[in-house]
1. Give the average over all directions of the projected area of the C-alpha convex hull of the protein assembly as shown, one decimal, in nm².
2. If every alpha-carbon in chain A counts as one equal scatterer, what log10 I(q)/I(0) does Debye give at q = 0.13, 0.15, 0.17 1/Å?
3. How far is B:Glu55 from the same spot in each other copy, in nm, shortest first, if each label point sits 7 Å from Cα toward Cβ?
4. How high is the relative contact order of region B:95-157, in percent, with contacts defined as C-alpha pairs under 8 Å that are six or more residues apart?
5. List the distances, in nm and shortest first, from the label point of B:Val182 to the matching label points in every other copy, placing each point 7 Å from Cα along the Cα-to-Cβ direction.
6. In the structure shown, do any of A:Lys45/A:Lys149; A:Lys45/B:Lys152; B:Lys73/B:Lys159; A:Lys45/B:Lys149 have a Cα-Cα gap over 19 Å, and if so which?
7. Taking A:Leu26 in one copy and the same position in all the others, each labelled 7 Å out along Cα→Cβ, what are the pairwise distances from the first, in nm, shortest first?
8. Checking an interface number: how much accessible area is buried between B and A, summed over both chains, with a 1.4 Å probe, in Å² rounded to 100?
There are 2 protein chains.
Amino acid sequence: MTIQKIQTLHNVFGRDRAVADETRRLLKASGVVAVNMISGPGAGKTALLEASAAELDKALCFAVLEGDIATTKDAQRIARLGVPVIQLLTDGACHLDAPLIYEALKKLDLSSLDLLFIENVGNLVCPANFDLGEDVRVALLSVTEGDDKPLKYPLLFQKADLIVLSKIDLLAHTDFRIDAVVAHMRRLNPSAPIIELSARTGQGIGQWIDWLKQRVHCSGSSEPALA
Amino acid sequence: MTIQKIQTLHNVFGRDRAVADETRRLLKASGVVAVNMISGPGAGKTALLEASAAELDKALCFAVLEGDIATTKDAQRIARLGVPVIQLLTDGACHLDAPLIYEALKKLDLSSLDLLFIENVGNLVCPANFDLGEDVRVALLSVTEGDDKPLKYPLLFQKADLIVLSKIDLLAHTDFRIDAVVAHMRRLNPSAPIIELSARTGQGIGQWIDWLKQRVHCSGSSEPALA
(Lines give C-alpha, C1' and ligand atoms only; values in the text may rest on other atoms or scores of the structure.)
Protein backbone atom coordinates (compact mmCIF):
# COMPACT_ATOMS: atom_id res chain seq x y z
CA MET A 1 0.00 0.00 0.00
CA THR A 2 1.53 3.31 -1.06
CA ILE A 3 1.19 6.10 1.45
CA GLN A 4 0.12 9.26 -0.27
CA LYS A 5 1.10 12.60 1.19
CA ILE A 6 -0.68 15.90 0.96
CA GLN A 7 0.98 19.00 2.30
CA THR A 8 -1.22 21.39 4.22
CA LEU A 9 -2.94 24.23 2.43
CA HIS A 10 -3.00 27.65 3.99
CA ASN A 11 -5.96 27.72 6.30
CA VAL A 12 -8.28 30.48 5.22
CA PHE A 13 -10.80 30.61 8.03
CA GLY A 14 -13.61 32.21 6.06
CA ARG A 15 -13.44 29.54 3.41
CA ASP A 16 -13.20 26.58 5.73
CA ARG A 17 -16.85 26.39 6.68
CA ALA A 18 -17.94 26.19 3.04
CA VAL A 19 -15.28 23.56 2.34
CA ALA A 20 -16.41 21.49 5.34
CA ASP A 21 -20.01 21.67 4.12
CA GLU A 22 -18.96 20.56 0.66
CA THR A 23 -16.99 17.64 2.17
CA ARG A 24 -20.08 16.63 4.13
CA ARG A 25 -22.19 16.80 0.97
CA LEU A 26 -19.74 14.66 -1.00
CA LEU A 27 -19.51 12.06 1.78
CA LYS A 28 -23.27 11.90 2.22
CA ALA A 29 -23.81 11.50 -1.53
CA SER A 30 -21.49 8.47 -1.41
CA GLY A 31 -22.97 7.08 1.81
CA VAL A 32 -19.65 7.46 3.67
CA VAL A 33 -19.65 8.23 7.41
CA ALA A 34 -16.61 10.30 8.44
CA VAL A 35 -15.27 9.97 11.99
CA ASN A 36 -13.00 12.74 13.31
CA MET A 37 -10.82 11.17 16.04
CA ILE A 38 -9.34 13.65 18.49
CA SER A 39 -7.14 13.14 21.57
CA GLY A 40 -3.96 14.29 23.23
CA PRO A 41 -0.67 12.85 21.95
CA GLY A 42 -0.33 9.13 22.54
CA ALA A 43 -3.86 8.42 23.79
CA GLY A 44 -4.06 5.52 21.35
CA LYS A 45 -5.93 6.63 18.23
CA THR A 46 -3.72 4.62 15.88
CA ALA A 47 -3.63 1.67 18.27
CA LEU A 48 -7.44 1.64 18.36
CA LEU A 49 -7.61 1.53 14.57
CA GLU A 50 -5.02 -1.26 14.53
CA ALA A 51 -6.95 -3.25 17.15
CA SER A 52 -10.28 -2.92 15.37
CA ALA A 53 -9.24 -3.16 11.71
CA ALA A 54 -9.54 -6.93 11.30
CA GLU A 55 -12.99 -7.11 12.90
CA LEU A 56 -14.26 -3.95 11.17
CA ASP A 57 -13.06 -5.30 7.86
CA LYS A 58 -15.59 -8.14 8.07
CA ALA A 59 -18.49 -5.72 8.14
CA LEU A 60 -17.47 -2.39 6.61
CA CYS A 61 -15.21 -0.89 3.97
CA PHE A 62 -13.06 1.87 5.39
CA ALA A 63 -10.08 4.12 4.81
CA VAL A 64 -7.99 6.35 7.06
CA LEU A 65 -6.69 9.90 6.75
CA GLU A 66 -3.69 10.25 9.06
CA GLY A 67 -2.98 13.74 10.37
CA ASP A 68 0.51 14.47 11.62
CA ILE A 69 2.86 17.40 12.06
CA ALA A 70 5.86 15.36 10.98
CA THR A 71 6.68 11.75 10.00
CA THR A 72 4.54 9.11 8.29
CA LYS A 73 4.84 6.69 11.20
CA ASP A 74 1.13 6.32 11.93
CA ALA A 75 0.24 5.99 8.25
CA GLN A 76 2.84 3.24 7.94
CA ARG A 77 1.19 1.39 10.83
CA ILE A 78 -2.21 1.60 9.12
CA ALA A 79 -0.82 0.68 5.69
CA ARG A 80 0.64 -2.51 7.17
CA LEU A 81 -2.93 -3.66 7.85
CA GLY A 82 -3.79 -3.40 4.17
CA VAL A 83 -6.12 -0.47 4.87
CA PRO A 84 -6.15 2.45 2.38
CA VAL A 85 -4.46 5.39 4.08
CA ILE A 86 -3.50 8.92 3.11
CA GLN A 87 -0.95 10.86 5.14
CA LEU A 88 -1.86 14.48 5.78
CA LEU A 89 1.13 16.49 6.94
CA THR A 90 0.26 19.81 8.55
CA ASP A 91 3.82 21.14 8.33
CA GLY A 92 3.85 22.34 11.92
CA ALA A 93 0.17 23.25 12.28
CA CYS A 94 -1.53 21.90 15.37
CA HIS A 95 -4.72 20.53 13.78
CA LEU A 96 -6.21 19.33 10.51
CA ASP A 97 -8.38 21.72 8.54
CA ALA A 98 -11.24 21.35 6.08
CA PRO A 99 -9.31 22.10 2.86
CA LEU A 100 -6.76 19.40 3.70
CA ILE A 101 -9.56 16.82 4.09
CA TYR A 102 -11.31 18.01 0.94
CA GLU A 103 -8.13 17.57 -1.11
CA ALA A 104 -7.63 14.10 0.33
CA LEU A 105 -11.14 13.00 -0.70
CA LYS A 106 -10.13 13.42 -4.35
CA LYS A 107 -7.63 10.60 -3.89
CA LEU A 108 -10.16 8.13 -2.51
CA ASP A 109 -12.78 6.06 -4.29
CA LEU A 110 -15.64 7.15 -2.03
CA SER A 111 -18.11 4.85 -3.75
CA SER A 112 -16.18 1.87 -2.35
CA LEU A 113 -16.27 3.08 1.28
CA ASP A 114 -18.70 2.95 4.22
CA LEU A 115 -16.50 4.68 6.75
CA LEU A 116 -13.66 7.21 6.71
CA PHE A 117 -11.55 7.68 9.83
CA ILE A 118 -9.79 11.02 10.18
CA GLU A 119 -7.04 10.73 12.76
CA ASN A 120 -6.38 14.29 13.86
CA VAL A 121 -3.09 15.71 15.19
CA GLY A 122 -2.52 14.66 18.82
CA ASN A 123 -3.83 17.73 20.63
CA LEU A 124 -6.72 18.11 23.09
CA VAL A 125 -7.14 21.81 22.35
CA CYS A 126 -6.96 23.12 18.79
CA PRO A 127 -8.60 20.34 16.72
CA ALA A 128 -11.83 20.79 18.71
CA ASN A 129 -12.30 24.19 17.07
CA PHE A 130 -12.20 22.96 13.47
CA ASP A 131 -15.08 21.43 11.53
CA LEU A 132 -13.56 19.09 8.95
CA GLY A 133 -16.88 18.10 7.41
CA GLU A 134 -17.09 14.99 9.56
CA ASP A 135 -20.33 13.28 10.60
CA VAL A 136 -19.22 12.35 14.07
CA ARG A 137 -16.48 13.33 16.45
CA VAL A 138 -14.83 10.86 18.82
CA ALA A 139 -12.82 12.11 21.82
CA LEU A 140 -10.29 9.67 23.24
CA LEU A 141 -8.89 10.10 26.73
CA SER A 142 -6.38 7.59 28.08
CA VAL A 143 -6.71 6.79 31.77
CA THR A 144 -3.02 7.62 32.24
CA GLU A 145 -3.79 11.28 31.40
CA GLY A 146 -5.92 11.86 34.50
CA ASP A 147 -9.62 12.19 35.19
CA ASP A 148 -9.56 16.01 35.32
CA LYS A 149 -9.11 16.41 31.55
CA PRO A 150 -12.79 16.82 30.50
CA LEU A 151 -13.06 19.82 32.86
CA LYS A 152 -9.69 21.25 31.85
CA TYR A 153 -10.26 20.85 28.10
CA PRO A 154 -14.05 21.19 27.94
CA LEU A 155 -14.65 22.10 24.29
CA LEU A 156 -13.61 18.75 22.84
CA PHE A 157 -15.67 16.78 25.32
CA GLN A 158 -18.71 19.04 24.93
CA LYS A 159 -18.72 18.56 21.16
CA ALA A 160 -17.96 14.82 21.07
CA ASP A 161 -20.47 12.23 19.87
CA LEU A 162 -18.58 9.45 21.64
CA ILE A 163 -16.04 9.39 24.46
CA VAL A 164 -13.49 6.57 24.47
CA LEU A 165 -11.61 5.97 27.71
CA SER A 166 -8.53 4.23 26.35
CA LYS A 167 -5.72 2.21 27.99
CA ILE A 168 -8.25 0.89 30.48
CA ASP A 169 -5.84 -2.03 31.11
CA LEU A 170 -3.62 0.48 32.96
CA LEU A 171 -6.44 1.70 35.22
CA ALA A 172 -5.22 -0.16 38.31
CA HIS A 173 -1.83 1.59 38.04
CA THR A 174 -3.35 5.10 38.07
CA ASP A 175 -5.50 7.34 40.29
CA PHE A 176 -8.02 7.73 37.47
CA ARG A 177 -11.60 7.57 38.76
CA ILE A 178 -14.05 6.54 36.06
CA ASP A 179 -17.04 7.68 38.14
CA ALA A 180 -15.52 11.20 38.34
CA VAL A 181 -15.12 11.38 34.55
CA VAL A 182 -18.63 10.07 33.98
CA ALA A 183 -20.02 12.70 36.38
CA HIS A 184 -18.04 15.52 34.67
CA MET A 185 -19.10 14.28 31.25
CA ARG A 186 -22.75 14.13 32.21
CA ARG A 187 -22.60 17.85 32.99
CA LEU A 188 -20.65 18.78 29.86
CA ASN A 189 -22.33 16.45 27.41
CA PRO A 190 -25.23 14.36 28.70
CA SER A 191 -25.88 12.32 25.56
CA ALA A 192 -22.47 11.04 24.36
CA PRO A 193 -21.90 7.38 25.20
CA ILE A 194 -18.69 6.49 27.05
CA ILE A 195 -16.82 3.32 26.08
CA GLU A 196 -14.04 1.93 28.27
CA LEU A 197 -11.54 0.27 26.02
CA SER A 198 -8.11 -1.29 25.70
CA ALA A 199 -6.47 -1.78 22.33
CA ARG A 200 -4.06 -4.13 24.11
CA THR A 201 -6.47 -6.55 25.74
CA GLY A 202 -9.38 -6.04 23.35
CA GLN A 203 -11.74 -4.94 26.13
CA GLY A 204 -14.46 -2.67 24.70
CA ILE A 205 -13.42 -3.10 21.06
CA GLY A 206 -16.72 -4.89 20.32
CA GLN A 207 -18.71 -1.96 21.71
CA TRP A 208 -16.64 0.47 19.63
CA ILE A 209 -17.28 -1.52 16.46
CA ASP A 210 -20.99 -1.84 17.24
CA TRP A 211 -21.18 1.95 17.70
CA LEU A 212 -19.49 2.48 14.31
CA LYS A 213 -21.77 -0.01 12.57
CA GLN A 214 -24.77 1.75 14.07
CA ARG A 215 -23.52 5.10 12.74
CA VAL A 216 -23.12 3.65 9.25
CA HIS A 217 -26.50 1.91 9.25
CA CYS A 218 -28.28 5.01 10.56
CA SER A 219 -26.55 7.47 8.24
CA GLY A 220 -28.40 9.02 5.36
CA SER A 221 -28.34 6.36 2.68
CA SER A 222 -30.24 7.16 -0.48
CA GLU A 223 -32.84 4.57 0.58
CA PRO A 224 -35.63 5.83 2.83
CA ALA A 225 -35.35 4.50 6.39
CA LEU A 226 -39.05 3.55 6.37
CA ALA A 227 -40.71 1.92 3.39
CA MET B 1 -2.96 30.92 49.80
CA THR B 2 -5.23 32.94 47.54
CA ILE B 3 -5.12 31.93 43.91
CA GLN B 4 -4.90 34.98 41.72
CA LYS B 5 -6.30 34.88 38.22
CA ILE B 6 -5.23 36.79 35.17
CA GLN B 7 -7.30 36.55 32.03
CA THR B 8 -5.42 36.24 28.77
CA LEU B 9 -4.47 39.35 26.85
CA HIS B 10 -4.90 39.42 23.12
CA ASN B 11 -1.74 37.97 21.67
CA VAL B 12 -0.15 40.51 19.39
CA PHE B 13 2.62 38.57 17.73
CA GLY B 14 4.81 41.54 16.83
CA ARG B 15 4.79 42.76 20.41
CA ASP B 16 5.42 39.41 22.04
CA ARG B 17 9.14 39.21 21.35
CA ALA B 18 9.78 42.57 23.00
CA VAL B 19 7.61 41.58 25.96
CA ALA B 20 9.48 38.28 26.34
CA ASP B 21 12.81 40.14 26.28
CA GLU B 22 11.56 42.57 28.93
CA THR B 23 10.42 39.64 31.09
CA ARG B 24 13.86 38.08 30.74
CA ARG B 25 15.49 41.35 31.72
CA LEU B 26 13.28 41.74 34.81
CA LEU B 27 13.90 38.16 35.91
CA LYS B 28 17.64 38.45 35.41
CA ALA B 29 17.78 41.70 37.35
CA SER B 30 16.14 39.88 40.27
CA GLY B 31 18.23 36.74 39.89
CA VAL B 32 15.18 34.58 39.14
CA VAL B 33 15.48 31.59 36.81
CA ALA B 34 12.24 30.92 34.89
CA VAL B 35 11.45 27.37 33.78
CA ASN B 36 8.85 26.90 31.02
CA MET B 37 7.38 23.39 31.48
CA ILE B 38 5.76 21.95 28.36
CA SER B 39 4.10 18.58 27.74
CA GLY B 40 0.99 16.96 26.38
CA PRO B 41 -2.08 16.85 28.64
CA GLY B 42 -1.63 14.72 31.72
CA ALA B 43 2.09 14.01 31.36
CA GLY B 44 2.54 15.02 35.00
CA LYS B 45 3.78 18.61 35.14
CA THR B 46 1.73 19.44 38.25
CA ALA B 47 2.51 16.07 39.83
CA LEU B 48 6.24 16.73 39.34
CA LEU B 49 5.96 20.09 41.11
CA GLU B 50 3.97 18.45 43.92
CA ALA B 51 6.55 15.69 44.28
CA SER B 52 9.53 18.05 44.37
CA ALA B 53 8.10 21.01 46.34
CA ALA B 54 9.07 19.86 49.82
CA GLU B 55 12.67 19.05 48.85
CA LEU B 56 13.07 22.15 46.65
CA ASP B 57 11.75 24.31 49.45
CA LYS B 58 14.78 23.43 51.57
CA ALA B 59 17.16 24.93 49.03
CA LEU B 60 15.33 27.45 46.87
CA CYS B 61 12.51 30.01 46.99
CA PHE B 62 10.07 29.45 44.17
CA ALA B 63 6.65 30.33 42.79
CA VAL B 64 4.45 28.84 40.07
CA LEU B 65 2.46 30.34 37.20
CA GLU B 66 -0.23 27.83 36.25
CA GLY B 67 -1.46 27.98 32.65
CA ASP B 68 -4.84 26.48 31.89
CA ILE B 69 -7.63 26.85 29.39
CA ALA B 70 -10.29 26.37 32.03
CA THR B 71 -10.49 25.58 35.77
CA THR B 72 -8.12 26.45 38.60
CA LYS B 73 -7.58 22.79 39.52
CA ASP B 74 -3.81 22.72 39.07
CA ALA B 75 -3.33 26.02 40.88
CA GLN B 76 -5.36 24.65 43.79
CA ARG B 77 -3.04 21.63 43.95
CA ILE B 78 0.02 23.91 44.10
CA ALA B 79 -1.58 26.31 46.60
CA ARG B 80 -2.21 23.38 48.95
CA LEU B 81 1.58 22.98 49.24
CA GLY B 82 1.91 26.55 50.51
CA VAL B 83 3.70 27.61 47.33
CA PRO B 84 2.85 31.04 45.83
CA VAL B 85 0.85 30.39 42.67
CA ILE B 86 -0.88 32.54 40.08
CA GLN B 87 -3.49 31.04 37.78
CA LEU B 88 -3.24 32.15 34.15
CA LEU B 89 -6.41 31.36 32.22
CA THR B 90 -6.00 31.46 28.45
CA ASP B 91 -9.76 31.53 27.81
CA GLY B 92 -9.60 28.82 25.17
CA ALA B 93 -6.15 29.59 23.76
CA CYS B 94 -3.84 26.61 23.38
CA HIS B 95 -0.66 28.10 24.90
CA LEU B 96 0.62 30.80 27.23
CA ASP B 97 2.02 33.98 25.71
CA ALA B 98 4.59 36.55 26.76
CA PRO B 99 2.16 39.36 27.77
CA LEU B 100 0.32 36.99 30.11
CA ILE B 101 3.58 36.13 31.88
CA TYR B 102 4.66 39.76 32.00
CA GLU B 103 1.40 40.79 33.67
CA ALA B 104 1.77 37.97 36.20
CA LEU B 105 5.28 39.11 37.19
CA LYS B 106 3.77 42.33 38.56
CA LYS B 107 1.92 40.27 41.17
CA LEU B 108 5.05 38.50 42.43
CA ASP B 109 7.78 39.75 44.74
CA LEU B 110 10.61 38.75 42.43
CA SER B 111 13.27 39.81 44.93
CA SER B 112 12.14 36.95 47.19
CA LEU B 113 12.44 34.25 44.50
CA ASP B 114 15.17 32.05 43.03
CA LEU B 115 13.02 30.09 40.64
CA LEU B 116 9.77 30.62 38.75
CA PHE B 117 8.01 27.61 37.23
CA ILE B 118 5.69 28.36 34.33
CA GLU B 119 3.38 25.38 33.77
CA ASN B 120 2.17 25.77 30.20
CA VAL B 121 -1.14 24.54 28.76
CA GLY B 122 -1.05 20.76 28.17
CA ASN B 123 -0.14 20.66 24.49
CA LEU B 124 2.90 19.21 22.71
CA VAL B 125 2.49 21.46 19.70
CA CYS B 126 1.63 25.14 20.12
CA PRO B 127 3.52 26.16 23.31
CA ALA B 128 6.82 25.21 21.64
CA ASN B 129 6.40 28.17 19.26
CA PHE B 130 6.10 30.84 21.95
CA ASP B 131 8.96 32.49 23.82
CA LEU B 132 7.63 33.53 27.22
CA GLY B 133 10.85 35.14 28.38
CA GLU B 134 11.94 31.97 30.16
CA ASP B 135 15.55 30.98 30.84
CA VAL B 136 15.07 27.28 30.26
CA ARG B 137 12.52 25.02 28.68
CA VAL B 138 11.69 21.59 30.04
CA ALA B 139 9.85 19.04 27.85
CA LEU B 140 8.04 16.27 29.71
CA LEU B 141 7.02 13.07 27.96
CA SER B 142 5.25 10.35 29.91
CA VAL B 143 6.17 6.81 28.95
CA THR B 144 2.47 6.00 28.45
CA GLU B 145 2.41 8.41 25.48
CA GLY B 146 4.74 6.32 23.33
CA ASP B 147 8.37 6.55 22.28
CA ASP B 148 7.57 8.00 18.84
CA LYS B 149 6.61 11.43 20.18
CA PRO B 150 9.98 13.26 19.83
CA LEU B 151 9.95 12.45 16.12
CA LYS B 152 6.26 13.29 15.68
CA TYR B 153 6.45 16.58 17.62
CA PRO B 154 10.04 17.59 16.93
CA LEU B 155 9.99 21.33 17.65
CA LEU B 156 9.45 21.05 21.40
CA PHE B 157 12.15 18.41 21.79
CA GLN B 158 14.62 20.29 19.60
CA LYS B 159 14.26 23.45 21.69
CA ALA B 160 14.24 21.84 25.13
CA ASP B 161 17.03 22.33 27.67
CA LEU B 162 15.97 19.22 29.59
CA ILE B 163 13.84 16.19 28.71
CA VAL B 164 11.92 14.52 31.53
CA LEU B 165 10.61 11.02 30.85
CA SER B 166 7.77 10.92 33.39
CA LYS B 167 5.63 8.07 34.82
CA ILE B 168 8.67 5.81 34.59
CA ASP B 169 6.96 3.57 37.18
CA LEU B 170 4.53 2.51 34.41
CA LEU B 171 7.33 1.56 31.99
CA ALA B 172 6.87 -2.19 32.42
CA HIS B 173 3.20 -1.89 31.39
CA THR B 174 4.00 -0.16 28.08
CA ASP B 175 5.92 -0.78 24.84
CA PHE B 176 7.96 2.38 25.44
CA ARG B 177 11.66 1.87 24.58
CA ILE B 178 13.89 4.31 26.38
CA ASP B 179 16.82 3.52 24.09
CA ALA B 180 14.70 4.50 21.07
CA VAL B 181 13.81 7.87 22.61
CA VAL B 182 17.40 8.52 23.60
CA ALA B 183 18.52 7.74 20.04
CA HIS B 184 15.85 10.03 18.53
CA MET B 185 16.70 12.77 20.99
CA ARG B 186 20.40 12.57 20.27
CA ARG B 187 19.64 13.37 16.63
CA LEU B 188 17.16 16.19 17.43
CA ASN B 189 18.96 17.72 20.37
CA PRO B 190 22.34 16.27 21.31
CA SER B 191 22.97 18.36 24.42
CA ALA B 192 19.77 18.22 26.50
CA PRO B 193 20.03 15.85 29.46
CA ILE B 194 17.30 13.21 29.81
CA ILE B 195 15.98 12.40 33.30
CA GLU B 196 13.82 9.32 33.92
CA LEU B 197 11.45 10.16 36.69
CA SER B 198 8.36 9.11 38.63
CA ALA B 199 6.42 11.59 40.75
CA ARG B 200 4.76 8.56 42.36
CA THR B 201 7.80 6.58 43.49
CA GLY B 202 10.22 9.50 43.73
CA GLN B 203 12.65 7.95 41.24
CA GLY B 204 14.67 10.68 39.51
CA ILE B 205 13.31 13.54 41.65
CA GLY B 206 16.77 14.09 43.16
CA GLN B 207 18.31 14.45 39.69
CA TRP B 208 15.56 16.91 38.69
CA ILE B 209 16.18 19.03 41.79
CA ASP B 210 19.96 18.94 41.26
CA TRP B 211 19.45 20.12 37.68
CA LEU B 212 17.28 23.03 38.90
CA LYS B 213 19.80 23.99 41.62
CA GLN B 214 22.54 23.97 39.01
CA ARG B 215 20.51 26.29 36.79
CA VAL B 216 19.98 28.72 39.65
CA HIS B 217 23.59 28.65 40.79
CA CYS B 218 24.89 29.14 37.25
CA SER B 219 22.44 31.88 36.29
CA GLY B 220 23.55 35.46 36.02
CA SER B 221 23.64 36.68 39.59
CA SER B 222 24.95 40.17 40.11
CA GLU B 223 28.08 38.62 41.67
CA PRO B 224 30.87 37.67 39.26
CA ALA B 225 31.27 33.90 38.90
CA LEU B 226 35.03 34.21 39.34
CA ALA B 227 36.59 36.47 41.91
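1. 22.6 nm²
2. Log-scaled intensity ratios, in q order: -0.73, -0.99, -1.29.
3. So the label point of B:Glu55 gives 4.3 nm to the other copies.
4. Worked out over region B:95-157, it gives 42 percent.
5. Counterpart label points of B:Val182 in the remaining copies fall at 4.3 nm.
6. Over 19 Å apart, Cα to Cα: B:Lys73/B:Lys159.
7. The projected label point of A:Leu26 is separated from its counterparts by 4.9 nm.
8. Protein heavy atoms only, the B-A interface buries about 2600 Å².
The values are calculated or read from the model by the stated rules, or taken from the named source; none is laboratory data. A quick note: this is a predicted structure, and the numbers were derived from the prediction, not measured. Heads up, the Cβs are rebuilt from the backbone with ideal geometry, glycines too, and the neighbour counts pull from every protein chain shown. These area figures cover heavy atoms from the full protein model, side chains too; ligands, DNA and RNA do not enter into them. Shrake-Rupley method; radii C 1.70, N 1.55, O 1.52, S 1.80 Å.
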